[in-house]
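Comments concern the structure below.
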Amino acid sequence: MERPQPDSMPQDLSEALKEATKEVHVQAENAAFMNYFQKGQVTRKGFKLVMASLYHIYVALEEEIERNKENPVYAPLYFPEELHRRAALERDMAFWYGPRWEDAIPYTQATRRYVRRLHEVGRGRGLRGPHAYTRYLGDLSGGQVLKKIAQKALDLPSSGEGVDFFTFPNVASATKFKQLYRSRMNTLEMTPEVRQRVIEEAKAAFLLNIQLFEELQELLGQDAEDQSPSQAPGLHAALTETPRGKPQPNLLSQAPLLRWVLTLSFVVATVAVGLYVM
């Protein structure tokens, strides 16, 4: 006798992802770094660290996307002109770190874990999709808001230097594009086993972001030398920026898995994962 499907289980993959990630979404929203950022309490060092982490993450993500762009499990979601962020992030890195930015940008432990996972799933059937989904649609959802927050808090040029990442010039309507992206995702053919793995990977994407932003909060709280007047008491903005490729101490080795990230998505509420405003 065939078991009836529960009424609460969404049939569309995009809805299933949204439903399955409710709990981790709440955790991402409540990350301390996210709360400070949304209030405009962000320093230049803190923002530079966020942007450097995003650069490493998007390089890895887009390398795997290019590797799999003709794979039928991912091809419908391939929108390089509309979505890819590497070139924009390279411009932002040059703004924040200067012409030798490739040797200057930090590469934190949480960022390394995120990058390593992206390369791992790039070799797995269908599992790069939820990472692209949570990152790109999250950035589209909150990008303009975050851009304005950063420009005001850091007194950046209104012309957009330093926050190029948040601008999607080839997306005329974020709302319509997200609808298109979700509809494409819902056409992907996969077995029930692969579908469940995709859902679990979407949860992992949120958790990786939570870890990332909790690590940032740890780093920013270590040194009071560069505290910004606009910061809340107790939130320090100092980070020892180490050259690319040199590991930093693992500050979160004792943190429970479900407490690690940037969000990058609620912000950064969506710099990192804006699944719920998608």
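Please identify every one of the GluC sites (Glu not before Pro) in region 113-196 that sits in a loop by DSSP and has no more than 15 other beta carbons within 10 Å of its own beta carbon. Listed in order of number, the matching sites are GLU161, GLU189.
Only Lys, Arg, Asp and Glu count, each charged at its Cβ (+1, +1, -1, -1), so figure out the dipole size of region 15-100 about its Cα centre, rounded to 20 debye.
Values: 12 positive and 13 negative charges, 132 e Å.
Charge dipole, region 15-100, about its Cα centre: 640 debye, nearest 20.
Here the Kirkwood formula puts the hydrodynamic radius of region 85-132 at 12.5 Å, using every distinct Cα pair.
Place a +1 charge on the Cβ of each Lys and Arg in region 55-172 and a -1 charge on the Cβ of each Asp and Glu, then give the dipole magnitude about the Cα centre in debye, rounded to the nearest 20.
Values: 17 positive and 16 negative charges, 102 e Å.
About 480 debye.
How would you classify region 8-136 from its alpha-carbon gyration tensor, with a ≥ b ≥ c the square roots of the eigenvalues: rounded for a/c under 1.5, else prolate if a/b is greater than b/c, otherwise oblate? Because a/c hits 1.5 or more and a/b fails to exceed b/c, region 8-136 counts as oblate. Among all the lysines, which ones have a C-alpha under 27 Å from LYS45's C-alpha, if same-chain residues fewer than 8 places away are not counted? Output for LYS45: LYS147, LYS148, LYS152, LYS246.
Each value in this text was obtained by applying a stated rule to the coordinates, not by laboratory testing. These numbers were taken from a predicted model, which means no experiment stands behind them. We place every Cβ from the backbone using ideal geometry, glycine too, and count neighbours over all the protein chains shown.
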